[in-house]
Amino acid sequence: MTSLLFMFYFFRPIMFVDIGWLVFGLNVTEVFAIIATGILIVAFILRTIVTKKINVSVVDFFLFSFVFWVLFVYLLYFEHSNIKDAAKFVLPFITYFVLKNVVVTVKDYARYIKIMLVGYSVPILASTFLIVQGKGLYKVLYWNNLFRYSGAYVNPHNLAHCMTLYLITLVLFAVICSQYDELVPVLKQRLFFVFSCMISVFALYCLYKSYVRTCFFGLLLFVYYYLFRVNKKLLAFFSLIMGVVLILSAAVVYTIFFDMVDAVKGPDKAQFGSGRPMIWKHNIETYAAQPLDGILAGVGVGSVTSHINERQKVGDVLNSHNDFLDVLTQTGIVGLLLFLAFQFCLFQKIRLLEGRERYVFLALFISVAFMNFVSNSYVTRFGVGQMFYALLAYIELPEHKIRRQQKLEAVKQEAERLL
């Protein structure tokens, strides 16, 4: 079982790249998602047989309620739903349930995250090489002559989200290693520390060359929230450095954010953020015009106008650039409420963590929620979604419950001794 989990964590970040191969009409990324989910299910079955226990909480009630609702909506609107989009909605959620049952201890979790970080180095190094060579170019923006790179990925957004998640995961790993005596702090893992620093520089370079503003803001939000909770002096110093950098690179900043700056200055604010206000308004109006069944169940999973050529004219709903709005329009108000309930339960579980662990996972959760709201992120991009929920599996490790019970018993014993 351990070898199966090592395979999943190592290959998951690698197999999100675009190598152009097709297997039975599916690209390699989609095939791996199916295989990876199968691997996890096998590991879950083996674990359940051995321990005869299943780690179940209120989180799972809403998790599976949402999964079953998505499948119901898919069957309800079968003629204009898309099986790939349905899979994107449900596979990451299943990943969370399986991993929180098969990864038991903090030490095991740390080992798996470390192997994921090592696996991440493959697409990061490949993307860096391609970008430096002038390859992996996605497009040159007509309005500002900005060269946007996708590296080894299918588009700049996939590149940026993966680079952002790598950097966040590295911080998360370092925080966890610093909290437990049985784990070696990252600074003392000398070879891995030097290696990680080098890969982090490359990841930041790739993130910058993608020019995906959602990820710029998402990473900054993660850093600012975490430092605000644990080290305000360092936050002030970081803010000073950021201010100086922004002033010195004002022309570059304007080039990257030109549409947002011009929209604020000019009369046409609908073009703010690549036209998001216009898209959101159109989709909300289209959704509100649906009959009662459409209000409850949406327009169908995948029934949206897409940038993909063969699926461009599927429905009246546009690509929302907002995962929450996508959930609403495609699965209805019922789907959105179940999704939000699931997210709220995850948030409550994170709050049960202690010390810096709580703050780093809250920073991760808030950052991802922000990116989900302003773009197609960790819901519709199921590769990064699957890695995100693999990270979140930590918050429900059985070891946490055991540690809390031990602390409670120790407090009771101390109270009895004093009395």
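The table that follows gives values for the structure above.
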{"quantity": "Segment 307-419, relative contact order [Cα under 8 Å, separation at least 6], %", "calculated": "26"}
{"quantity": "Ordering of 117-125, 325-333 by burial proxy (mean other Cβ atoms within 10 Å per residue, highest first)", "calculated": "325-333, 117-125"}
{"quantity": "HN-Hα J in Hz across segment 198-207 - Karplus 6.51, -1.76, 1.60, θ = phi - 60°, x for Gly and Pro", "calculated": "5, 5, 5, 4, 5, 5, 5, 4, 5, 4"}
{"quantity": "Theoretical ellipticity at 222 nm over the chain - DSSP helices of four or more residues, -39500 (n - 2.57) apiece, nearest 500", "calculated": "-24500 deg cm²/dmol"}
{"quantity": "Segment 63-179 shape via C-alpha gyration tensor axes, a/c threshold 1.5", "calculated": "oblate"}
{"quantity": "Sequence-distant lysines (8 or more away, or on other chains) whose Cα lies within less than 22 Å of residue 52", "calculated": "100, 107, 401"}
{"quantity": "Segments 50-59, 369-378 sorted - mean Cβ within 10 Å per residue, highest first", "calculated": "369-378, 50-59"}
{"quantity": "Amide H within-cut-off set for residue 149, under 5 Å, with H built and near neighbours excluded", "calculated": "138, 210"}
{"quantity": "Average Cα contact separation per residue, segment 106-260, under 8 Å, 6 or more apart, as relative contact order %", "calculated": "23"}
{"quantity": "Environment charge at residue 166 (Cβ cut-off 14 Å; Lys +1, Arg +1, Asp -1, Glu -1)", "calculated": "+2"}
{"quantity": "GNM result for the chain, Cα springs below 10 Å: residue of 159, 240, 99 fluctuating most strongly", "calculated": "240"}
{"quantity": "Prolate/oblate/rounded call for segment 1-154, Cα gyration tensor, a/c under 1.5 rounded", "calculated": "oblate"}
{"quantity": "Choice from 379, 304, 201 showing the highest fluctuation, given a GNM over the chain with Cα pairs closer than 10 Å", "calculated": "201"}
{"quantity": "Exposure ranking of 70, 104 by accessible area [1.4 Å probe, largest first]", "calculated": "104, 70"}
{"quantity": "Set 281/349; 84/135; 88/281 screened for pairs whose C-alpha atoms are more than 32 Å apart", "calculated": "281/349"}
{"quantity": "Ranked packing of 385-398, 74-87, most packed first, by mean Cβ within 10 Å", "calculated": "385-398, 74-87"}
{"quantity": "Given (i) 59, 24, 19; (ii) 39, 33, 16; (iii) 34, 29, 22, the label whose value is semi-axes √(5λ) of the Cα gyration tensor in Å derived from this model", "calculated": "(iii)"}
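The values are calculated or read from the model by the stated rules, or taken from the named source; none is laboratory data. Computed from a predicted model, the values in this text were never measured in an experiment. Glycine also receives a Cβ, built like all others from the backbone with ideal geometry; neighbour counts cover every protein chain displayed. All accessible areas refer to the heavy atoms of the entire protein, side chains included, with ligands and DNA or RNA removed. Shrake-Rupley method; radii C 1.70, N 1.55, O 1.52, S 1.80 Å.
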